[in-house]
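The values are calculated or read from the model by the stated rules, or taken from the named source; none is laboratory data. Only a predicted model underlies this, so the values are computations on that prediction, with no experimental measurement involved. All Cβ positions, even for glycine, are placed from backbone atoms using ideal geometry, and neighbour counts span all protein chains on display. With ligands, DNA and RNA removed, areas are computed over all heavy atoms of the protein, side chains included. Shrake-Rupley method; radii C 1.70, N 1.55, O 1.52, S 1.80 Å.
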Amino acid sequence: MSQLKHFLFRITVAVLFVLVPILGVYTFVKAPEWRLWFPENVSSYGDEIDGLFHTITWMVGITFVGTEGVLVYLILRFSKKDASKANYTHGSHVLELIWTAIPALLLVFVAFSQMSVWSKIKINLPDGEYTAENPFMEVYGSQFDWRVRYPDADKNFSGADVIESAFDIYVPVDTKIVFRLKSRDVLHSFFVPKFRLKQDAVPGMNIPVWFEAEETGTYDLICAELCGWGHYKMAGKVHVLAQDEFDAWLEGRREALYSNGSED
Amino acid sequence: MNRNRHLVALGAASIALAAACQFEPTIVELHYSLNEEAIQSNNLLADDKNAQEHLSGALEFLFGTATNPSYVVLPDWRDEEFDPNNWGYYLLSDEEFDALKESNAWTYRVQIAAIEAGDLDAVEEPRYAGDLWARFQSLVADAPDDLDEPFDEDDPEWSYRDELIAVFESYYPNQRTTADLYRQQCFHCHGAEGGGNGSTADFLNPRPRDYRPGTFKFTALKDKAKPRHADLVRILKEGIYTTAMPSFRRFSDAQLNALADYVRLLAIRGETEILMIADFDPDEGMVPELLQENYELVVDRWRAASDSMIEYDGDVPRYDDHDAAERITRGEELYLSEKAANCVKCHGLEGRGDGESVKNNPDDATDDWGDPIKPRDLTRGVFRFGRRPIDIYRRIYAGINGTPMPEHFGMQIIDPETAETRNMTEDDIWDLVFFVRSLSDEKPVVHTETEEHGEASH
Amino acid sequence: MSNAAIARPLGLDPAGTVHVTHDHHELGFLRKYIFSVDHKVIGIQFLFTGLIMLLFGGLMAMAVRWQLAWPWTQMPILGKVLFPETGGVATPEGYTMLFTMHGTLMVFFVIIPLLTGTFGNYLIPLMIGAPDMAFPRLNMMGYWFWWPGIVCILLSFGAQGGGPAAGWTAYPPLSTIEAAAPGSNWGQNWWLLSLTFVGVSSMMGAVNYVTTIVKMRAPGMGFFRMPLSIWGLMIAALLQLFALPVLTAASFMQLFDRVFDAGFFTPPDIIINNFSPEAGATVDSVGNATGGHPLLWQHLFWFYSHPAVYIMVLPAMGFASDIISVHARKPIFGYKPMAYSMAAIAGLGFIVWGHHMFMSGMNPSVGLVFMTATMMIALPSAIKVFNWLGTLWGSRIRLNSAMLFALAFVAMFIIGGLSGIWMASTPPDIYIHDTYIIVAHFHYVVFAGSVMAIFGSLYHWFPKMFGRMMNETLGKIHFFGTFIFTNGVFYMMHQLGLAGLMRRTADPYAYETYAHLQPMNQFISICAFCLLGWQIFFVVNFFGSMIWGKRAPRNPWKATSLEWETPSPPGHGNFDKELAVYHGPYEYGVPGVEADFVPQTQKCEHVSAH
């Protein structure tokens, strides 16, 4: 009877431990269906980020299932009540070498495979109409609003004809948008999940950021760095418009600057 | 070890977990509290707890509670077919209603797409819209399998599907749902009764608006008129830059309109309350007639058609107009002259908001809400009501309600150039607008010859 | 300098000499239990205080979870205490305070003190065969310097404006400018002072641990004959010694910024809540110094706080190794690689702080260096996992509570370690930085990892500490629930993070991106409430066993290391017999010997020499 009890107990423990990788993998497989997965990507570099993520996910997933599987096997296999002694060994030099060298190679591979994408997104700005000195727009974080400023026709960011607005950011599709990210007060972070774009806005710094949206639509802009009690309120939307729609919008805003107030 | 005990414990845990998953927290009824400051100003009422309770009850009769607000409809209004409970919704023009539908269609596009595909199970519950969801579900309960069947026998064109979509597209939150939304998004600053005294309020600079006096700073109106619906919605949409009031555009137009309605309810409640407190006479108690009279008075103020919007008939002058430079000079003279606009008194010589009145005045000079007065630093380029010329024009034209910033249009001034006494004109105001903007804009006049050297100056 | 030279002036016998426990002089209650210089009493003092703080931190987590599951509703029980003014509905600034204090309490008042304070104090002299710590009075001061820290952190709750609310990372300018947040008033000052006291306390401990380990080992106890627990504790103490001064300096800089307007971290031209640091509070006042840089704080903070992560896990790794070896009845696999990899983790731990700052605006090229270093730190962690698995291979596992928790530590550490590779990689980190995937990652390491190891260690060393055995049935029930609910709470946070959910967001569901995540958050919250509730089994078992538990023999687990050579609990001076160490601590199942273990004090020619 005691034997049976111990057997059942071992099984229970093993099931508990084995459920971790099983449910773990299951939830990851099901996650896209449950919408607990990356939202669709609409930026030009997002696929590369997702690709790297997936590569790493496969690697860590296999390691995860492998190590947890071995652990469960060992627990189940070696937890019998057994009067005999355990294998007496203090280790194996060869094994240590193997399981040092293989992960080392893999990790170096992972590290190096990240570098080109990172330098493309964050280190270098793309060639195009807009540059760090001549950006498409300026975005300011301030407690608890996103403010965007479009230059006037002479590319000045201050002056009468600068267009400034809260919350909504309009950009044209398929254009490499370089913008400057600033903060008026504390740290904020400009996060558009569907662009795979995140960058902290730091007061005193003027950080050039770029993205290229490949699909028109409206996307959530979220503050990703604690900026005070109203952090959760700091929302925004990025509207990606076709070029002609964007031009029309910009023209409309320029005219609205000199509205006589009758349509308010 | 004892396996049974393990199993019992695990079983109990799973039952507890299953039961807990069904859990939904309940909302406790919240009541409005009285305006303590106003009560303190009337000694007779301050000492009379009984009368305070009567007042509280009377206000609750008129306006409901913070979880379930609703206006009492007076008999006169019924004849006029006016129901303040549907204030915003019925005053919508056709265009505004179409815009609202468009905004709803966008907000609920996922749900509408699911209905169009006929997959009613896939329709997700929208957040902050309990009444919408209840209405949708009651319709789904009697929905036929084929959604193309007509909803109403008399109108074969209008299918069940159309009706289900219309629930989402023509959605306008009821007051109860709006009060929920207010409690989740506005309550912690503006307080349950809109007193600007929520838990976060003490810390904010400037303090959140107290709606109860019924004064709102930023409107497009003259004559200190009550704000229009559009004025309130505009603040909700744009936020007030450099204050803790953010833009709430992440909510749909319908929700923002309904929130504006609710703010109006709080303001009307607060104003009625203040009138009742001021009129309180211990010998007579709370007179129902007086209550109705005050209530009607306040509502009528808000109902008054606002034909007092400030519009400029001509073309708004621009910096690249040929007389822009002169306008700035003239504006400066008006700004500086004591006998003219005398802006310098508060806003200071350089427009930094540090004029004599601030320097001489101790900090206890306060506005209508009891907050310290801070003239705007005009060099920052931050204009809370908006930075379009017409916005600044309106501020100078009509002043700012509840503050010492006066109405300038028609103000009697001595012309700084001709030394004649005259009234301020629209043109004078534009001159001031030009000057004020030149304080913060780096390159205001673009066509002058010094343009090339502009870069060197900064 | 000999052991004796250090120990004698302190009134101690040199290490390894016989010290028989006759209580010649009776100490008063106060000196025996309150202001005790005995490392065991101090260890237990740390334990009780730490467990109480764990309860506080846990309750705060529950309040956070309530808000995330049912935002802006009346919070039962806790709401009445935390938010009386709103009838129990969380306020936004209250929410920021909650997660700030949850993080602070858990890091500085629970995990670090429980691992190093409790077990460091209790185990080091016992395991290396010393009669007490090298500096017993310093040790006592270490504990009592923790108390001003606790008092300060409690005072910060009551400060005007409420407790600190800038996150446990306290990034300026949010934390330095009073106008920036309600919690950045006196609450933040108390917080900084508290951190300083805790730092001093940790420093005293660390000096003591290192000195004791280096100078007071029993005869024959070479460095490579020390149990891995001691390795873990020593390396953690070295990390404290090198990293803590930086945090202390940074805290003082922040305090100077706040009190004297020094402007180390304040950039020019900012206006927060209509307060301009240059202009000062009023028009006439002299402005503050500005021209500092917010990123400076981040560098200094993470230069400490990244090593702190290893302070929070290295001792746990050591304890888990010991527990696994004892209850698997098998020598630890690859003792030296285990010790070296701990040292490697610690060494690399000093050059990876920048991986917290990939999105911070730091020069992105530097990010590549930090990424590579961070990847490399996964290597020793992997080696450790493989060695644990190697230890289990061919073992004879006793599935008791201590072992179950130790095995759970390994299983959970694998998850926490592997998910680190995602965020070490700079491009994926663009997306997952500061999302719930990060929350899942560090909770898997620190809660599912270190706290599991702490539970395991308590079950393992409880007989030594209190002289009684803990109840196995209750222990196993405690384990099952804890294991299930821990995973219930933290696993799905990975997926929430993949869906983009940001941490520290009081009401995420107002965003379209997050609106559908509420049911999952409700599930997580319910699991979290169950997890906390389940600890009742531990509380009952822990306190019940102290009174009603079966009396523990000297060596209930048939373990080899020195702490089991003493009575349970050990008397003053620890060892009641002559000590000499002949071999390493993991001699189980030695062939040719009748018993399946050979204590370190027993000479045995069958033990393979090393």
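Couple of notes before you dig in:
- Sorting C:370-378, A:13-21 by their mean Cβ neighbour count within 10 Å, with the most densely packed peptide first, gives C:370-378, A:13-21.
- Using the Cβ-Cβ distance between C:Phe252 and B:Glu326 with R0 set to 56 Å, the FRET efficiency from 1/(1 + (r/R0)^6) comes to roughly 0.45.
- Mean per-residue shielding of peptide A:62-72 is 4, counting Cβ atoms of other chains within 10 Å of each Cβ.
- Portion, in percent, of the accessible area of chain B that falls on carbon or sulfur, probe 1.4 Å: 48 percent
- Residues with amide H under 5 Å from that of A:Gly236, placed H, sequence gap 5 or more: A:Leu221
- Along the range C:412-428 the Karplus relation, 6.51 cos²θ - 1.76 cosθ + 1.60 evaluated at θ = phi - 60°, assigns HN-Hα couplings of 6, 5, 4, 5, x, x, 5, 5, x, 5, 4, 7, 6, 6, 4, x, x Hz to successive residues, with x for each Gly and Pro.
- Between the listed residues A:Asn260, A:Ala31, A:Val20, the Cα displaced farthest toward the positive end of the dipole of chain A, a dipole computed from Cβ unit charges relative to the Cα centre, is found at A:Val20.
- Violating pairs (Cα-Cα greater than 22 angstrom) within the set B:Lys49/B:Lys226; C:Lys215/C:Lys384; C:Lys40/C:Lys476; C:Lys40/C:Lys215; B:Lys237/B:Lys374; C:Lys40/C:Lys384: B:Lys49/B:Lys226; C:Lys215/C:Lys384; C:Lys40/C:Lys476; B:Lys237/B:Lys374; C:Lys40/C:Lys384
- Acute angle (nearest 10 degrees) that the helix B:3-21 long axis makes with the longest principal axis of chain B, alpha-carbon atoms: 50 degrees
- Chain C - mean residue ellipticity at 222 nm from DSSP helices (-39,500 (n - 2.57) per run, n ≥ 4, rounded to 500): -19000 deg cm²/dmol
- For chain A, the longest principal axis of the Cα atoms and the long axis of helix A:46-78 meet at an angle of about 20 degrees.
- Mean per-residue shielding of peptide A:113-122 is 6, counting Cβ atoms of other chains within 10 Å of each Cβ.
- Around the Cα centre of chain C, unit charges on the Cβ atoms of Lys, Arg, Asp and Glu (plus for the first two, minus for the last two) sum to a dipole of about 1740 debye.
- Close amide H contacts of A:Gly204 (hydrogens built in the peptide plane, cut-off under 5 Å, sequence separation of 5 or more or a different chain): A:Ser183.
- In order along the range C:537-545, the Karplus-derived 3J(HN,Hα) couplings, from 6.51 cos²θ - 1.76 cosθ + 1.60 at θ = phi - 60°, round to 4, 5, 4, 4, 5, 5, 7, x, 5 Hz, and Gly and Pro are given as x.
- Taking every alpha-carbon pair under 8 Å whose residues sit at least 6 apart, chain B reaches a relative contact order of 13 percent.
- Based on Cα contacts under 8 Å between residues 6+ apart, the range B:324-448 shows a relative contact order of 31 percent.
- Trypsin sites (Lys or Arg not before Pro) restricted to DSSP loop in the range B:280-361 with at most 16 other C-beta within 10 Å: B:Arg318, B:Lys339
- The range C:359-412 versus the range C:97-171: alpha-carbon centroid distance in Å: 25 Å
- Euclidean distance between Cα centres, the range B:376-436 to the range B:200-251, Å: 21 Å
- Distance (nanometres) between label positions extended 7 Å along Cα→Cβ at C:Ile77 and B:Asp94: 6.1 nm
- When accessible surface is computed with a 1.4 Å probe, chains B and C are found to bury approximately 3100 Å² between them, both chains counted.
- Peptides B:58-67, C:57-66 ranked from most to least packed by the mean count of surrounding Cβ atoms within 10 Å: C:57-66, B:58-67.
- Rounded to the nearest 500, the helix-only mean residue ellipticity at 222 nm of chain A stands at -14000 deg cm²/dmol, with each DSSP H run of n ≥ 4 adding -39,500 (n - 2.57).
- Across the protein assembly as shown, the convex hull enclosing all Cα atoms gives 206 Å³ per residue.
- Using alpha carbons only: equivalent-ellipsoid semi-axes of the range B:109-169, gyration tensor based, whole Å: 19, 12, 10
- Projected label points at B:Trp158 and B:Ala230, each 7 Å from Cα along the beta carbon direction, are separated by 3.0 nanometres.
- Partner shielding of B:150-156 amounts to 0, given as the average count of beta-carbon atoms from other chains within 10 Å of each residue beta-carbon.
- For A:Met137, distant residues with modelled amide H under 5 Å away: A:Arg180
- The angle between the Cα long axis of helix B:49-63 and the longest principal axis of the Cα atoms of chain B comes to about 80 degrees, rounded to the nearest 10.
- Helices in chain B, meaning DSSP H runs of at least 4 residues, each add -39500 (n - 2.57). Divided by all residues, the mean residue ellipticity at 222 nm is -14000 deg cm²/dmol.
- Buried between C and A is an accessible area of approximately 9100 Å², summed over both sides with a 1.4 Å probe.
- Average accessible surface area per residue within the range B:109-169, 1.4 Å rolling probe, Å²: 57 Å²
- For the range B:109-169: relative contact order, % (alpha-carbon pairs under 8 angstrom, 6 or more apart): 32 percent
- Modelled label positions at B:Arg109 and A:Val108, each set 7 Å beyond Cα in the direction of Cβ, lie 4.9 nm from each other.
- Spin-label zone in the range C:474-511 - amide nitrogen under 20 Å from a point set 7 Å from the Cα of A:Phe9 along the C-beta vector: C:474-484
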